[in-house]
Amino acid sequence: MGLALALLLPLPGGRCADLPAPTVPEVGRPGADSGPTKVSIGVWVSDVTQINSVAQTFSASLFLALSWRDPRLAHGTPEVRRYKLADVWHPNWLIANTVGRIFPTFPQIVEVAGDGTVRYRQGLTGTFAQRLDLRAFPFDHARFRLHFVMVGLQPTEIEFVPNEAMVAAGIPEGSAIAPALTLQDWHITEHSARVLPYQIAPGVQAAGYAFEFEGERLSQHYIVKVVIPLLLIVIMSWTAFWIDPTLGSSQISVAVTSMLTLIAYRFAIGAEVPKLPYLTHLDTFILASSILVLLTLIEVIVTSTLAVREQPHLARRV
């Protein structure tokens with residue numbers, strides 16, 4: 001929380017003044033003739049509220065801090081001037097993998113120091129798409145990404161550097177994620193930030209920056225509420241082996257009940273993942289459990305048939 005608040009404090013150097021649009025004779029990015037514009041960027045993910053495996057999305061709240069120097073806005077006074085974002089040149093950013101709308105928290109303004117240093121900060125809440133590989137479900141892990149794209153700017157026009165305030169706070173990459181999250185069924189293991197151009201079309205890229213974090217699904221819920229009950233159901237089906245073959249109806253009742261319970265579990269777990277063209281680890285486990293119960297049912301039918309044909313000794317041997 002302290003780091004997030006630091007990103008929201010005004011620039012040092014005196015009072016802030018809200019002013020009308022500045023008069024800037026040039027258009028376009030500052031320093032366009034002398035190379036790429038240096039943009040300081042910091043991302044602070046304050047919370048991840050949900051990871052939806054079915055929709056393959058995650059919901060998060062974050063702060064974005066951008067800073068660059070525009071000599072055209074220098075005013076040489078100790079005060080910090082505030083302008084509307086639309087009235088000054090700024091990297092026109094978006095998050096490429098947004099699902100639906102993202103909701104800003106603060107007004108769209110920038111603060112300008114006397115030397116022309118421009119500072120922009122925004123809080124954001126939204127849902128973001130992330131393709132997941134669920135083959136190892138529920139023991140899977142995934143890498144989640146927030147991909148910031150600077151619209152209309154090529155990778156050679158922007159030089160990203162870590163946010164100075166966050167570096168000063170002990171975060172070398174200039175971006176981080178809060179240690180305590182609302183998320184309950186995943187554990188965040190690591191995070192990183194890097195320059196990552198966005199591929200618009202073959203051979204066409206836009207300047208981009210990615211914040212990524214690694215998550216590991218907490219599997220205890222599935223072990224306690226799915227795996228162990230399935231094992232008990234399979235073991236329950238084996239009780240048919242201790243029922244006398246002459247009592248075929250009782251044997252078949254145990255085997256069929258076990259099979260129907262497994263099918264019910266299969267439908268319940270199906271709601272946890274999308275319709276996949278491959279089997280997850282849990283699918284394989286349920287399928288193997290179903291095969292074991294099916295074999296039990298086949299054995300029961302064989303021994304019951306032998307008992308009906310007055311071969312109880314052979315039925316008991318089977």
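With a 1.4 Å probe and all protein chains left in place, how much of the accessible area of the stretch 213-280 comes from carbon and sulfur atoms, in whole percent? Ligands and nucleic acids excluded, carbon and sulfur reach 71 percent.
Once you list every other residue whose beta carbon is under 13 Å from the beta carbon of residue 173, what net charge do they have if Lys and Arg are +1 and Asp and Glu are -1? Summing Lys/Arg as +1 and Asp/Glu as -1 gives -2. Modelled spin-label separation between residue 238 and residue 87, with each label point placed 7 Å from Cα along the Cα-to-Cβ direction: 7.8 nm.
Under 13 Å of direct C-alpha separation, and excluding same-chain neighbours fewer than eight residues apart, residue 275 reaches these aspartates and glutamates: 133, 283.
Taking all protein chains together and rolling a 1.4 Å probe, residue 191 ends up with roughly 70 Å² accessible.
Please sort 146-152, 176-182 by packing, taking for each peptide the average over its residues of neighbouring beta carbons within 10 angstrom, highest first. Display every interim value, and only then the final one.
Details: 146-152: 20.0, 176-182: 14.7.
So the peptides 146-152, 176-182, ranked by packing, come out 146-152, 176-182.
Look at the alpha carbon pairs under 8 Å that are at least 6 residues apart: their mean separation over the length of the stretch 127-185 gives a relative contact order of 17 percent. Excluding ligands, DNA and RNA, the accessible surface per residue across the chain is 52 Å² with a 1.4 Å probe. Taking 161, 293 and ordering them by how much accessible surface each has at a 1.4 Å probe, largest first, produces 161, 293.
Net charge near residue 273, counting Lys/Arg +1 and Asp/Glu -1 over other residues with Cβ under 15 Å of its Cβ? Walk me through the numbers on the way to the answer.
Values: positive: 131, 135, 217, 266, 275; negative: 133, 140, 185, 272, 283.
Local charge sum for residue 273: 0.
Summarising the label geometry, the points placed 7 Å from Cα in the beta-carbon direction at residue 38 and residue 284 lie 5.2 nm from one another. A straight Cα-to-Cα reach below 27 Å connects residue 38 with the lysines 84, residues fewer than 8 places away in its own chain not being considered. Scanning the chain for DSSP H helices at least 24 Å long along the axis (C-alpha atoms) with a Kyte-Doolittle mean no lower than 0.5 picks out 248-270, 281-308.
May I ask you to derive the relative contact order of the chain, considering only C-alpha pairs under 8 Å and at least 6 residues apart, and to give it as an integer percent? Write down the numbers at each step before the final one.
On the way: 614 pairs, mean separation 55.2, N = 318.
Answer for the chain is 17 percent.
Here residue 154 and residue 50 are evaluated by their C-beta separation; at R0 = 51 Å the FRET efficiency comes out at 0.90.
Ignoring everything except DSSP H segments at least 4 long, calculate the 222 nm mean residue ellipticity for the chain; use -39,500 (n - 2.57) per segment, divide by total residues, nearest 500.
Working: 6 runs with 79 residues, N = 318.
Rounded to the nearest 500, the figure is -8000 deg cm²/dmol.
Simple spin-label estimate for residue 195 and residue 266 gives 5.3 nm between the two label positions (7 Å along the Cα-to-Cβ direction from each Cα).
Classify the chain as rounded, prolate or oblate from the Cα gyration tensor: take a ≥ b ≥ c as the square roots of its eigenvalues, call it rounded if a/c is under 1.5, otherwise prolate when a/b beats b/c and oblate if not. Walk me through the numbers before you get to the answer.
On the way: a/c = 4.80, a/b = 3.63, b/c = 1.32.
Prolate, since a/c reaches 1.5 and a/b exceeds b/c.
The values are calculated or read from the model by the stated rules, or taken from the named source; none is laboratory data. Owing to the predicted nature of the structure, the values given are computational and were not obtained by experimental measurement. Virtual Cβ from ideal backbone geometry, glycine too; neighbours counted across all protein chains shown. Accessible surface is based on the protein model in full, side chains and every heavy atom, while ligands, DNA and RNA are left aside. Shrake-Rupley method; radii C 1.70, N 1.55, O 1.52, S 1.80 Å.
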